[in-house]
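K.L.:
One structure is given below, represented as structure tokens, and several questions about it will come after.
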Amino acid sequence: MYGAVLSIHSWIRWIALLLGVGATINAFRDPAEPSPKAPGSWWDTLFQLTLDLQLLFGLLLYFGLSPFTRDALNDFSTSMQVPALRFWAIQHITFMFAAVGLVRAGRVLAMNAKTPRARRARRLACFTLAMLILAAGIPWPGLSYGRPLFRF
């Protein structure tokens with residue numbers, strides 16, 4: 001079960017990153033005419049849904065299936081001394097929750113914006129920050145806690 005969930009979680013990462021880039025680029029768009037809905041808002045919706053799904057699989061790993069987080073949570077003080085365990089126990093989940101929160105906040109702030117320019121600025125700021133946080137929270141190969149780019 002652990003291997004299957006980990007593989008799904010790993011592959012959804014790429015979908016989330018691609019949709020995040022698309023949503024961020026789409027946030028640059030200046031609408032030709034004012035409308036109550038942001039242009040291309042389906043990018044935002046798909047980005048948020050993918051992050052929610054990613055979070056669900058991540059929480060399954062974090063609280064039940066992953067031996068790394070199980071070890072880290074069983075002896076928390078010792079795991080803070082080991083960079084790889086600290087990454088999985090604290091940093092990874094914190095970065096990912098922050099990114100999900102920023103995407104949700106960006107969408108809500110954009111919906112409540114009074115002007116199309118304010119809507120665009122709020123989406124752009126939140127999505128750009130979310131993408132930077134996502135990139136910082138991914139266990140890239142070559143790092144002490146790194147993982148392969150693709151799991152098979």
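K.L.:
Would you mind listing the helices (runs of 4 or more DSSP H) fully within segment 40-152 where at least 3 residues are at pLDDT 95 or above and either touching a helix residue (DSSP H, G or I) at 6+ places or on another chain (Cβ under 8 Å) or aliphatic (A, V, I, L, M) (or both)?
P.N.:
Of the helices (runs of 4 or more DSSP H) lying wholly inside segment 40-152, those with at least 3 residues that are at pLDDT 95 or above and either touching a helix residue (DSSP H, G or I) at 6+ places or on another chain (Cβ under 8 Å) or aliphatic (A, V, I, L, M) (or both) span 41-60, 92-111, 116-137.
K.L.:
So, in segment 48-69, exactly how many residues are surrounded by fewer than 15 Cβ atoms within 10 Å (Cβ to Cβ), touching a residue at least 24 places away in the same chain (Cβ under 8 Å) and more than 30 Å from Ala118 (Cβ to Cβ)?
P.N.:
Number of matching residues: 1.
K.L.:
Still on this model: Checking Ala72 against (1) within 20 Å of Gly146 (Cβ to Cβ); (2) surrounded by fewer than 21 Cβ atoms within 10 Å (Cβ to Cβ), which test does it fail?
P.N.:
So the condition that Ala72 fails would be (2).
K.L.:
Let me ask another. Given the criterion surrounded by 15 or more Cβ atoms within 10 Å (Cβ to Cβ) and of a type in the set (Lys, Arg), identify the matching residue among Arg151, Arg123.
P.N.:
None of the other options fit; the residue is Arg123.
K.L.:
Cβ-Cβ below 7 Å, separation at least six or inter-chain, first residue in segment 89-115 and more than 9 Å from Gly137 (Cβ to Cβ), second in a helix (DSSP H, G or I) and of a type in the set (S, T, N, Q): which pairs?
P.N.:
Cβ pairs passing all conditions: Ala89/Thr69; Ala89/Ser79; Val103/Gln48; Arg104/Gln48; Arg107/Gln48.
The values are calculated or read from the model by the stated rules, or taken from the named source; none is laboratory data. Note that this is a predicted model, so its numbers are computed, not measured. Backbone-built Cβ (ideal geometry, glycine too); neighbour counts: all protein chains shown.
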